[in-house]
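A short reminder: the numbers here are calculations on the coordinates, not readings from a lab. In this text, all values refer to a predicted model and were calculated from it rather than measured experimentally. Neighbour counts are summed over all protein chains in view; Cβ atoms, including those assigned to glycine, are modelled from backbone coordinates with ideal geometry.
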Amino acid sequence: MGRSPAGYAIFTRCGVISRLCAFSTLRSKCLEAQQKMAISLQSEPVLTGPMATLLILFVLIVIGTFSAGIYSHKAPASGLIDGKLTPCPDKPNCVCSEYETANAQNKILPLSTAGMDDSTAWANLIAAVKVSGGSIQQHSDIYLHAIFTSSLFRFVDDFEARLDTENRKIHIRSASRVGHSDLEVNRKRVEKIRREYDNHSPRRKVQVIQ
């Protein structure tokens, strides 16, 4: 039994989305969207040509973005390696103050604990992270791990800090779990935490290590 051009278009477009759903981590949401699209396509004029292609591309982008957001929830934090924060990969979605040889795109200045005892400085950092929207996952006397979750696609980024008592610094690292460029989201986050750290500091002025 043959299909009309409209029916064939509906079948084809829903079939593409169905196959995409099979690879999506948002399977239930994806299938729900597929059913709604099938109903709307039957009751409305069918798009063809460039418009149909744009619609499919839009659906692919949305599902792919949500899938990446879900995937970012499963990735573990980097943690310490030989007592130091993990170096950034060669991608612009990470900043770290631990290594002098890092690429310029990954470098950021540490916080200074000068003028404060270690426990006060560490408590100030924890308060600054919380005020900036971070959720503390782990912390000890010298290491802190927090996560930041984006409001739209629920991407998870990791923020880590290490107290360097010998050099009177707090080394910091902020990195996205997925993707390549972050449009400097992690760098801006660290600078916001730096300002909040200053606000919680008795010195009232951050002393940045040059």
Looking only at segment 85-129, which residues are crowded, with 21+ Cβ neighbours inside 10 Å, in a loop (DSSP other than H, G, I, E, B) and touching a Phe, Trp or Tyr at 6+ places or on another chain (Cβ under 9 Å)? Cys88, Asn106, Thr113
Regarding Arg154, is this residue in contact (Cβ under 8 Å) with a residue 24 or more places away in the chain and not in a loop (DSSP other than H, G, I, E, B)? no
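Quick check on my filter: what residues within segment 157-200 are part of a loop (DSSP other than H, G, I, E, B) and out of contact with any Lys or Arg (no Cβ under 6 Å at 6 or more places or on another chain)? Let's see the steps before the verdict.
Applying the first criterion (part of a loop (DSSP other than H, G, I, E, B)) to segment 157-200 yields 165-168, 177-184, 200.
Correct list: Thr165, Glu166, Asn167, Arg168, Arg177, Val178, Gly179, Ser181, Asp182, Leu183, Glu184, His200.
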Of the conditions (1) within 18 Å of Glu196 (Cβ to Cβ); (2) outside any strand (DSSP E or B); (3) in contact with a helix residue (DSSP H, G or I) (Cβ under 8 Å, 6 or more places away or on another chain), Ala146 satisfies every one except a single condition; which number is it? (2)
